[in-house]
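What follows is a single structure, written as C-alpha cells, with notes after it.
The values are calculated or read from the model by the stated rules, or taken from the named source; none is laboratory data. Source: prediction; values computed, not measured. Reconstructed Cβ throughout: ideal geometry from the backbone, glycine too, with neighbour counts over all protein chains shown. Keep in mind that these areas ignore ligands, DNA and RNA; they rest on the heavy atoms of the full protein, side chains included. Shrake-Rupley method; radii C 1.70, N 1.55, O 1.52, S 1.80 Å.
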Amino acid sequence: MLNKPVLVESLIVFTIVLLVHAVVWDRYSWCTVALAIQAFYVQFKWDRLLQLGGAVFQFRTAANSGLLPASMVIPLLGIVMKERCKSAGIVYFERFGIVVASTGMLVALFLSVIAVGITKPVPTNTCILTGVAGSIIIYTMKHSLTVSEVIEVLEVLLIFVYLSMILLYLLPRCFTPGEALLVLGGISFVLNQLIKRSLNVIEGRGDPIDFFLLVAVVGVVLLGLFFTVLFTFMDSGTWISSMFFHMMTAVLGLGVIMPWLYRLIQRNPLFWLLQFLFQTQTRVYLLVYWTFLAASACGVVFYQNARRSSESKKHQASTITRKYFHFIVVATYVPGLIYDRQLLYVAAVLCLAVFIFLEYIRYFRIKPFGQTLRHLLSLFLDERDSGPLILTHIYLLLGMSLPVWLFPRSCAPKGTLSGAGALVPYSGVLAVGVGDTIASVFGSTMGEIKWPGTKKTFEGTMTAIFAQIIAVALILIFDSSVNLNSSYAWILASVSLVSLLEAYTTQIDNLLLPLYLQIMFMA
C-alpha cells in the first residue's frame, strides 16, 4: 500500500490538475483526469516492482516511482499552452499545444502499460483502469488530431521507446520511472522537432535561438551515445583514448552539428552567435557579470575541497553549502530576465551544453581533467546521485531554464502574458532559487515540526511560501513588464501548492517544481 507521503503528494497533484481544469475545462480535461486516476493506481505497481527489484531496468532506489506527478507535467503544459495561444489567435501554436498534450498522455500511458504488463499476477482492476484511460485518450485524439499530427505523436513515442531501452540500460540508478518519463520524453520531443524542422526548412522562418536549443540538446545527447558505445570497446582513461575523444568531439561538432545548425538558420552559426552575444552594451555588461559569478561558483568548489582534510575523505558538503549555488544561480537569472531574456535563453543553452560535456569528461575519465572533476564534485554528492552520472547541477540549470525556454513568446503580446502568466519566466527562480533554497536552509537550521512521514519541516515550507511572496513583490518593483492584474490569490495558491509538493515529493525537485509552477501561472 502507498505510504502517507506518496498519498499526500498524489493529493497535491490531483488538486493542481483540478484547479487547472477548472480554468481551462474542455475535451482534453477528461483525458487528463482519466490519466491521473490510472497513473495513481499504477504507482502501486511501480513502487512494488522497485521494492522487489522486479523492474526491467535499475531505477533510483531512494525514491518512489513518481509516476503520477511526472505523467501530468507534459499534458498540462500542452493544454495551458493551447489555451494561451488560442486566446492570442495563434492557430499554429494552438495546434502545437494539442500535439504536446497528446504526446505527453500517450508516453505516460505507455509507461503505465509497461508496469502493468510486468506485474505478476496481472492486476485486473488496474488493467481495466488503464484500458479505460487509454480508450478515452485514443478516442479524443482520433477526433482532435489531423493525420500528420497523429504521425508526429507516434514518432515521438517510437523515439521514446528506443531512447528508454538504450539510456536506462546504459545509465542504471540515474532516474526514477517518473524522472525518466520527463527527461527522456523531453529529449524525444526535441529530437522529433529537430528532424521535422530540418526536413521542412523555409528560409527566414523560425527564430534562430529556437533552432540553437534543438541542435544543442540533440548534439550533446548524440555525442554521449557515440562515446558510450565507443568506450565499451576501449579504455577511456588512457591518453590515446582522451586524444581521440577531443578529436572526435571537434569532428562531430564542426562536421555535423555546425552544418546542421547552418542549414536551419541559413547563416554561419559561429558568426551569428558572436554577433548575438555582443550586439548591445547591455549584453556585454551581463556577460561580464555572469563570468564573475561563474568564477565565484568555481571558487566555492575549490574552497570547499581545500577544507576537506585527508582524514575526512567521506566528508560531504552540507545542505547550506550546496544552496550557495542556488543563490548564485538566482543572481545569474534575475538580471537576465529583467534586461535581456533572449540573451539569457542562449546563455542557458550554452551553459547546459558545457555542463553535459564536462560530465562526459568526468564520467569517461578523460585526461587531463577527468579525474580532477571526479575528485572535486564528489564532495557535493547526495542520495539522488546514486548512479554513474552526477546530474543534480544539470537539473538545477534545467529547472531555472525550462520556464525561459518553454515560454510561449509567439502567443505573448508585447513579450509577456497577462495576469499570473507574466511570472512564467520567473517560475524557476521562485520555485527552486527562492522557495527550495529557503525551505532547505530554514528547515535544516530552525525547523522542529516535521511534516508526517518526511524529513521536511513545517517551518521550512512556511518560510519558503513567505519568501516567494516577497520575491514576487520585488519582481513587480524591478520588472516593469510584469502586470499581475489582481491575480494575487491565484499566485498565492500556486506558490503554496508547489511548496507543499516540495515537502512531500521524493523526485528531483529542481526539475519538477518549476514545471508545476509554470503550469499554474500559465493557467
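Of Ile475, Ile465, which residue is assigned to a helix (DSSP H, G or I), open to solvent by less than 30 Å² (accessible area, probe 1.4 Å) and either farther than 22 Å from Ala489 by Cβ or touching a residue at least 40 places away in the same chain (Cβ under 8 Å) (or both)?
On the way: Ile465 fails: either farther than 22 Å from Ala489 by Cβ or touching a residue at least 40 places away in the same chain (Cβ under 8 Å) (or both).
After applying the criteria, what remains is Ile475.
Kindly indicate whether Leu500 is open to solvent by 10 Å² or more (accessible area, probe 1.4 Å), outside any loop (DSSP other than H, G, I, E, B) and in contact (Cβ under 8 Å) with a residue 24 or more places away in the chain. Walk me through how you get there before you give the answer.
Working: open to solvent by 10 Å² or more (accessible area, probe 1.4 Å): yes; outside any loop (DSSP other than H, G, I, E, B): yes; in contact (Cβ under 8 Å) with a residue 24 or more places away in the chain: yes.
Judged against the criteria, Leu500 is a match.
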Being under 15 Å from Ile519 (Cβ atoms) and in a helix (DSSP H, G or I) is the filter here, so list the residues in segment 18-32 that pass it. Leu18, Leu19, Val20, His21, Ala22, Val23, Tyr28, Ser29, Thr32
Sole miss for Arg173 among (1) of a type outside the set (Ser, Thr, Tyr); (2) outside any helix (DSSP H, G or I); (3) open to solvent by less than 30 Å² (accessible area, probe 1.4 Å) is condition (3)
Test: Ile128 is under 27 Å from Leu406 (Cβ atoms), outside any loop (DSSP other than H, G, I, E, B) and open to solvent by 40 Å² or more (accessible area, probe 1.4 Å): no
Taking the condition of being without any contact (Cβ under 8 Å) to a residue 12 or more places away in the chain, surrounded by 12 or more Cβ atoms within 10 Å (Cβ to Cβ) and in a helix (DSSP H, G or I), how many residues in segment 254-268 meet it? 1
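Within segment 378-398, can you find the residues that are touching a residue at least 60 places away in the same chain (Cβ under 8 Å), out of contact with any Asp or Glu (no Cβ under 8 Å at 6 or more places or on another chain) and buried (at least 18 other Cβ atoms within 10 Å of the Cβ)? Walk me through it before giving the result.
Of the residues in segment 378-398, the ones touching a residue at least 60 places away in the same chain (Cβ under 8 Å) are 379-384, 386-389, 391-393, 395-398.
Filter again for out of contact with any Asp or Glu (no Cβ under 8 Å at 6 or more places or on another chain), leaving 379-384, 386-388, 393, 395-398.
Scanning segment 378-398 gives Phe380, Arg384, His393, Tyr395, Leu396, Leu397, Leu398.
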Identity of the residue in segment 62-109, in contact with a helix residue (DSSP H, G or I) (Cβ under 7 Å, 6 or more places away or on another chain) and part of a loop (DSSP other than H, G, I, E, B), that ends up farthest from Asp509 (Cα to Cα): Ile90
Check Tyr333 against each of (1) open to solvent by 30 Å² or more (accessible area, probe 1.4 Å); (2) modelled with pLDDT of 90 or more; (3) of a type outside the set (Val, Ile, Thr) and name the one condition it does not meet. (1)
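Only one of these is part of a helix (DSSP H, G or I), of a type in the set (Gly, Ala, Ser) and either in contact (Cβ under 8 Å) with a residue 40 or more places away in the chain or open to solvent by 80 Å² or more (accessible area, probe 1.4 Å) (or both): Ser236, Ser242, Ser296. Name it.
Details: Ser236 fails: part of a helix (DSSP H, G or I); Ser296 fails: either in contact (Cβ under 8 Å) with a residue 40 or more places away in the chain or open to solvent by 80 Å² or more (accessible area, probe 1.4 Å) (or both).
Going through Ser236, Ser242, Ser296 in turn, the sole match is Ser242.
Sort through Leu406, Leu343 and tell me the only one that's of a type in the set (A, V, I, L, M, F, W, C), over 23 Å from Gly224 (Cα atoms), touching a helix residue (DSSP H, G or I) at 6+ places or on another chain (Cβ under 6 Å) and in contact (Cβ under 8 Å) with a residue 24 or more places away in the chain.
Values: Leu406 fails: touching a helix residue (DSSP H, G or I) at 6+ places or on another chain (Cβ under 6 Å).
Sole residue among the options that is of a type in the set (A, V, I, L, M, F, W, C), over 23 Å from Gly224 (Cα atoms), touching a helix residue (DSSP H, G or I) at 6+ places or on another chain (Cβ under 6 Å) and in contact (Cβ under 8 Å) with a residue 24 or more places away in the chain: Leu343.
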Can we say Tyr363 is in a helix (DSSP H, G or I), under 30 Å from Phe227 (Cα atoms) and touching a Lys or Arg at 6+ places or on another chain (Cβ under 9 Å)? yes
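Any idea how many residues of segment 41-80 are open to solvent by 10 Å² or more (accessible area, probe 1.4 Å) and not basic (Lys, Arg)? If you could, list the steps in order and put the result at the bottom.
Our first condition is that a residue be open to solvent by 10 Å² or more (accessible area, probe 1.4 Å); within segment 41-80, this holds for 41, 44-45, 47-59, 61-64, 74, 77.
Still in the running and not basic (Lys, Arg): 41, 44, 47, 49-59, 61-64, 74, 77.
Qualifying residue count, segment 41-80: 20.
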